[in-house]
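The values are calculated or read from the model by the stated rules, or taken from the named source; none is laboratory data. Predicted, not measured: the structure shown is a model, and the values here were computed from it. For neighbour counting, all protein chains shown are included, and Cβ atoms are generated from backbone atoms with ideal geometry for every residue, glycine included.
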Amino acid sequence: MAFILSKYHSLLAGLIARGYKMAPVKAYFEEPVSPAVFLRHDVDRLLFRAVAMARLEAELGVSATYYFRCNPRGVFPEESIREIAELGHEIGYHYETVVRAKGDPEKAFELFNRDLKNLREIAPVCTVAAHGSPLAELSNMGYAGELDYNQLELLGEPSVNFDFEKVLYLTDTGGAFNSSCNVRDKVSGRKLEGGPYSPLELLDLLNPSSEPVILLNTHPERWPVGQLGLFQASLMDLAVNFAKRALKKV
């Protein structure tokens, strides 16, 4: 499943109308506010959709955090990163060094430092987030939480350092909010029951009195502008979810 980008606009506008302040991830560590929705975007592929989402948010006066992956050589998509940063958004490092290092801790740390340095040559970086790598045997999840943030000049990682006894985590991983096809993108703490939910169904369930602080994670590739893109994104989710189910049975 995927959703038209205009539905994301409706979701944000609805949350703002209910009194939520939209904020990037770094604001949780620097200047926490409530009620608030901290906006996290994991840019896994299809950079043009991340740029479109960033422009939409800028038009709403909203700042979010965009986590970017690099290729195995540590090269990031500089043009897209610069454009999104210039719109007023936070840039973060979407790491997958444990998988790429095949579990070797020294190699993983070496890659993490190299990639972080390379990304900082394009834009400031103060938070990081793990890439789920759902089809890999190894997991990147939580790796940064084992590192010295002060030494790396980082504020933290949302999935590790947010207090999820107080913060509700919502993600479109698996193709919808609260999808059963979400393999690794999970936290312990507050949970929304039921699902899967569409953006507008999700909006109906949220209000500041019951859920004052939310971390909302979306993947821009799932939010195309038109119907053709929606069809393509939905097919991709179906294929990936089929692979996830097959791996569960192995």
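What the table below lists for this structure:
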| quantity | calculated |
| --- | --- |
| Helices (runs of 4 or more DSSP H) enclosed by segment 67-186 - at least 3 residues per element that are under 30 Å from ALA36 (Cα atoms) and not aliphatic (A, V, I, L, M) | 78-86, 149-152, 158-161 |
| Flag if GLY61 is free of Cβ contacts under 8 Å to residues at least 24 places away in the same chain and under 29 Å from GLN227 (Cβ atoms) | yes |
| Single residue of segment 168-186 satisfying the filter (within 21 Å of TYR93 (Cβ to Cβ) and either modelled with pLDDT of 90 or more or not β-branched (Val, Ile, Thr) (or both)) that is surrounded by the most Cβ atoms within 10 Å (Cβ to Cβ) | ASP172 |
| Residue check, GLU157 within 30 Å of GLU110 (Cβ to Cβ) and either in contact (Cβ under 8 Å) with a residue 40 or more places away in the chain or surrounded by 15 or more Cβ atoms within 10 Å (Cβ to Cβ) (or both) | yes |
| Lone qualifier among ALA50, ALA36, ALA64 - being in contact with a Leu (Cβ under 6 Å, 6 or more places away or on another chain) and either surrounded by 19 or more Cβ atoms within 10 Å (Cβ to Cβ) or closer than 21 Å to THR171 by Cα (or both) | ALA64 |
| Lone qualifier among ARG100, ARG120, ARG114 - being over 25 Å from TYR28 (Cα atoms), out of contact with any Leu (no Cβ under 8 Å at 6 or more places or on another chain), surrounded by 14 or more Cβ atoms within 10 Å (Cβ to Cβ) and not acidic (Asp, Glu) | ARG114 |
| Residues located in segment 191-204, provided they are surrounded by fewer than 17 Cβ atoms within 10 Å (Cβ to Cβ) and without any contact (Cβ under 8 Å) to a residue 40 or more places away in the chain | LYS191, LEU192, GLU193, GLY194, GLU201, ASP204 |
| Restricting segment 187-210 to residues that are in a loop (DSSP other than H, G, I, E, B) and within 21 Å of TRP223 (Cα to Cα), the residue that is modelled with the highest pLDDT | LEU206 |
| Qualifying residue in segment 211-223 (condition: out of contact with any Leu (no Cβ under 7 Å at 6 or more places or on another chain), modelled with pLDDT of 95 or more and surrounded by fewer than 21 Cβ atoms within 10 Å (Cβ to Cβ)) | yes |
| Scope segment 132-172; condition on the phi < 0 side of the Ramachandran plot and of a type in the set (S, T, N, Q); matching residues | SER139, ASN140, ASN150, GLN151, SER159, ASN161, THR171 |
